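The values are calculated or read from the model by the stated rules, or taken from the named source; none is laboratory data. Source: prediction; values computed, not measured. Ideal geometry is used to build each Cβ from the backbone, glycine not excepted, and the neighbour counts take in all protein chains shown.
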Amino acid sequence: MTTALRRGRDTDTALVVGVGVVALVGTIAAVLVNPVIAVAGLVAIVGAVAIVEHPGFGALAIAAFAILRLSDVATDFHGAPSTFTPLLALILVALLARSIRTGERPVGGGRALVAIVALATVALLSLLSTPGVEAGFNGLIDLIKDGAVAVAIGLLLRSPNTLRQIVWVLLGGGIFLSALSILQFLTDAYGSSFGGFAQSELQHVVGTTDEVRISGPIGDPNFYAQWLVMLVPLAIDRFHDEVSFPLRWIAAGAATMSAAVIVITFSRGALLALVVVVGMMMLRQPPKLSTVVAVAAVGVLSLPFLPPGYVDRMVALSDIGGTDIGTDPSLRAREVEIAVAAQMFMDDPLTGIGYANYASSYQSYARTLGMERVAKPRAAHNLYLETAAETGIPGVVVLGGVIIAVSASLAEGRKRFRSTGNHRADGIGYAIGVALVGYLVTSVFLHLAFARPVFLLIGIALTFPALASTENKSRHRALRAGP
């Protein structure tokens, strides 16, 4: 055994033992405080050792944490300390150890790092001339944490097989959350949040109708629906591509359950985005006429079972821009928010009012415009207007640049995968692009928040060309090596 190999194995052993000891001590402490945390501690031991031994498992862990919002649920509902930052630190240590041991370098992550640095830079510059420093810097820290997901997934993603596994982790999380939401809806079990993964709240829906709106692990039905919209194209792609019959129908179940939960969240923007993403997936894999007829029939037959006020709430979208918009409090508030955002941008188009300062500045602007109609601060509920209002023209330019870079990276990577005959990876790339389109559509109605799943997809998209090139090089090496 060479000295280098022995040193590498000794390093691995030390890391595994160290992680195990720390996790064991944490688990013992957890047993004395909270049994739920104890179970999580045991899972952490296995996961930590797996990540240290094989950093690729870290990609799956990040996907699970992102889609289930594990760290926030554990902290908010079970009193556990934050676990997401330690997870990222552990992954970086594991990557460093692997690099020292084998000389391997990550294939991606660079483009994602540039994108996140650009977004953080314009956010920071916008704060240099604004009084709302505390709120702005807190928002900036959240942006960096979410953006770290994109960088980390780029560092960890090394093969199309890992990419497929990440997609299945996301779909598995979506099935879990959707199942809890559907169970909650069918049994009226709104008194339980199912450990924080199935939150709900009675909210105004339309006219004089109030209904419980399901919000999953997020606590906001619109953002929960936004997450589920992104899962639908991934599930449809897996249905068409998987060879295994059980996996195909699990994927079909994931798409169907996600769509059903989008409906019971009462999110109008998400329903519109759902139509868009399903239409885009149909363009790639046109369904049989019999399938379209069957789905349409199921949709019509389901109308009597829709929640009270659902159809009226959707129809109210036609009032946008008309005189009847004043009868819908939600649409009326969005009208005010748009006017406020536009005024913020016009007041300072170069730097905006400062990153993450829209909510704290909303009341004063609404009063100045004579449009104050809500009693509490409001978010912009529009990613593009929020960006313009808070960070000005530089922020809009950078956001547009990131969108273009993501689109170009996906197109470049998909072309390379097609040239090597890897149609599965090409299909996943298309589905990720459609998922991101779904996010952009819902972002017309929502601002930037709860964004880790979308940063995960952004990180994958920006790594796509490097992933395809690495796969191509591996194929060439295998061909040269012969049988």
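Before moving on, here are some points about what is shown:
- Residues of region 93-108 satisfying the condition of being assigned to a helix (DSSP H, G or I) and touching a helix residue (DSSP H, G or I) at 6+ places or on another chain (Cβ under 8 Å): V93, A94, L95, A97, I100, R101, T102
- Residues in region 195-213 that are surrounded by 15 or more Cβ atoms within 10 Å (Cβ to Cβ) and either out of contact with any helix residue (DSSP H, G or I) (no Cβ under 9 Å at 6 or more places or on another chain) or within 16 Å of I67 (Cβ to Cβ) (or both): 4 in all.
- The criterion of at least 3 residues that are surrounded by fewer than 15 Cβ atoms within 10 Å (Cβ to Cβ) is met, among helices (runs of 4 or more DSSP H) falling completely within region 219-315, by 245-264, 268-284, 289-302, 310-315.
- Within region 74-89, being β-branched (V, I, T) and part of a helix (DSSP H, G or I) holds for T75, T85.
- Considering L156, L119, the condition of being assigned by TED's automatic domain parsing to the domain that holds L234, modelled with pLDDT of 95 or more and on the phi < 0 side of the Ramachandran plot is satisfied by L119 alone.
- Residues of region 264-307 that turn out to be without any contact (Cβ under 8 Å) to a residue 40 or more places away in the chain and in contact with a Leu (Cβ under 9 Å, 6 or more places away or on another chain), as a count: 0
Conditions tested, residue by residue: (1) at pLDDT below 70; (2) touching a Ser or Thr at 6+ places or on another chain (Cβ under 6 Å); (3) closer than 29 Å to A118 by Cβ.
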site	(1), (2), (3)
D324	yes, no, no
P329	yes, no, no
V336	no, no, no
A342	no, no, yes
M346	no, no, yes
P349	no, no, yes
Y358	no, no, yes
